[in-house]
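In what follows, a structure is listed as structure tokens, so that the remarks can point back to it.
The values are calculated or read from the model by the stated rules, or taken from the named source; none is laboratory data. Predicted model only: the values in this text are computed from it and were never measured. Quick reminder, even Gly has a Cβ in these numbers, built from the backbone with ideal geometry, and neighbours come from all protein chains shown. For accessibility, only protein heavy atoms count, side chains too; no ligands or nucleic acids. Shrake-Rupley method; radii C 1.70, N 1.55, O 1.52, S 1.80 Å.
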Number of protein chains: 6
Amino acid sequence: MENWLPSLITATPTEGYDLAIKLARMTIKKTQGDADVRDRLRPEYAENADSLIAVSAVVATHFATVAAANGYWQSAE
Amino acid sequence: MENWLPSLITATPTEGYDLAIKLARMTIKKTQGDADVRDRLRPEYAENADSLIAVSAVVATHFATVAAANGYWQSAE
Amino acid sequence: MENWLPSLITATPTEGYDLAIKLARMTIKKTQGDADVRDRLRPEYAENADSLIAVSAVVATHFATVAAANGYWQSAE
Amino acid sequence: MENWLPSLITATPTEGYDLAIKLARMTIKKTQGDADVRDRLRPEYAENADSLIAVSAVVATHFATVAAANGYWQSAE
Amino acid sequence: MENWLPSLITATPTEGYDLAIKLARMTIKKTQGDADVRDRLRPEYAENADSLIAVSAVVATHFATVAAANGYWQSAE
Amino acid sequence: MENWLPSLITATPTEGYDLAIKLARMTIKKTQGDADVRDRLRPEYAENADSLIAVSAVVATHFATVAAANGYWQSAE
């Protein structure tokens, strides 16, 4: 996998949130390298409330990092 | 989805808390794009104590980020 | 719901801890709006060790935020 | 309950860790006010590996707060 | 085990993310020293959505640390 | 238990990681004081993928604290 994460800096909080989702998903990709298995697992969590909440928790942690990296986009206000 | 998160800055801690809830929910929306499935899942967590606590954990993490972004609303005291 | 969170500033760490508990509970209230359902769920977590530990985790995250907002009550020492 | 948490400042990291454990336990006490129920729940988590790990996670979050409040006891080195 | 973690500094965010994964895995290695057991456990989590999400949560916490250590790679932008 | 945690300062990140593991384990020891019970619980988590991941999460939180205490070992680079 090439340089998929060139920077934590994003133009807006919205883009920062998308980056947090990408950061959360990348661990899955790097831990389960087989795309077929990942596809098979998708309904297991996308249709399960507790799994979706758990994904949301991971995104929250990454969003905290991305937000700090961007100085909370203070100047974007 | 358009620019749904223009800023992390809110006028009051109360509004900051509401933003944290929005941030927690948005991952669910972006991971499970089908509104019908989401509606079906709602009672699964809204009527389950452990799921509600898990949602509360996600909101806590996001609230930490929003509070830091707002300098903890020190001047609002 | 009116302005239930006017400030994160508290006079003492003890009051800050109580605020953290309030912050943890508010998500439950806002996610499950029906007070009857919440009353029904209460024994489900109040008499379950793992649920109580999970609540404690949420309070810990909020307490970190409240403590930071109050400069860790350094001058209260 | 009186002013059980007068300060987050401790003389040593060891005492700070004990305070973190106290902070973790206090939520249980405040959420389940009945001491008999708490006594009944104790073996449920004290003899269960996953519960003990979950308690450890809560203590870790509180210890982070206590450590920050004490400037990581840098001068105690 | 020799000095496997000489530094938290990485050249890029991408390498920092890989380091976060390494940090997450090392606890498993140090807690379960038997490589055969670890190999046996691998499908248990690599083919389970909730386990993969849990791994992702650990990586997120470590990535926050690595990112802070690197000043969020601000100059790499 | 005597002064088991004299300082959060370590010479290297590697030693800091070991300290984080010690911090994670100490809660187990202090919550379950009976060494025989702890020995009995050990295979329960050391041979279970989800338990090992949960331990890894606790270590990650403690490592964040230890790393911050050490200024991320910047000069060790």
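For chain F, modelled as a GNM with alpha-carbon contacts under 10 angstrom, which of F:V66, F:V37, F:V55 fluctuates the most?
For chain F, modelled as a Gaussian network with Cα springs under 10 Å, the answer is F:V37.
How would chain D be classified by its alpha-carbon gyration tensor: rounded, prolate or oblate, with rounded meaning a/c under 1.5 and the a/b versus b/c comparison settling the rest? If you can, show how the numbers build up before the last one.
Values: a/c = 3.15, a/b = 1.66, b/c = 1.90.
It is oblate, given that a/c is not under 1.5 and a/b is not larger than b/c.
Rounded to the nearest 100 Å², what is the buried accessible area between C and D, both sides summed, probe 1.4 Å?
By this definition, chains C and D bury close to 2400 Å².
Treating the point 7 Å from Cα along Cα-beta-carbon as the label, what are the nm separations from D:D34 to the other copies, to one decimal?
The answer, with the shortest distance listed first, is 2.5, 2.5, 4.3, 4.3, 4.9 nm.
Hey, for C:N3 with labels 7 Å out along Cα-Cβ, what do the inter-copy distances come to in nm, ordered shortest first?
Spelled out, the distances from C:N3's label point are 2.8, 2.8, 4.9, 4.9, 5.7 nm.
Among C:D36, C:D18, C:D50, which one shows the biggest mean-square fluctuation in a GNM of chain C, springs joining Cα atoms closer than 10 Å?
Looking only at C:D36, C:D18, C:D50, the largest GNM fluctuation is found for C:D36.
Cα to Cα, under 16 Å, and not fewer than 8 places away if on the same chain: which aspartates and glutamates meet these conditions relative to C:K22?
Correct list for C:K22: B:E15, B:D18, C:E2.
Keeping every protein chain present and rolling a 1.4 Å probe, give me the accessible area per residue for chain D in Å².
On the way: 3220 Å² over 77 residues.
It amounts to 42 Å² per residue over chain D.
Among the helices of chain A (complete DSSP H runs), which have Cα atoms covering no less than 24 Å along the helix axis and a Kyte-Doolittle mean of at least -0.5?
Working: long enough: A:13-31 (28 Å, -0.34); A:49-69 (30 Å, 1.55).
In chain A, the long hydrophobic H runs are A:13-31, A:49-69.
If you count, for every residue in E:2-10, the Cβ atoms of partner chains within 10 Å of its Cβ, what is the mean?
Details: counts 1, 4, 3, 10, 6, 8, 10, 6, 0.
Taking all residues of E:2-10 together, the mean is 5.
Calculate what fraction, in whole %, of the accessible area of chain D sits on carbon and sulfur atoms when a 1.4 Å probe is rolled over the protein chains. Mind dumping the intermediate values first?
Numbers: 1560 of 3220 Å².
The computed percentage sits at 48.
Counting helices only, and only those DSSP H runs with n ≥ 4, report the 222 nm mean residue ellipticity of chain F as the sum of -39,500 (n - 2.57) divided by its residues, in deg cm²/dmol to the nearest 500. Before the final figure, lay out the partial values.
Numbers: 3 runs with 52 residues, N = 77.
For chain F, the value works out to -22500 deg cm²/dmol.
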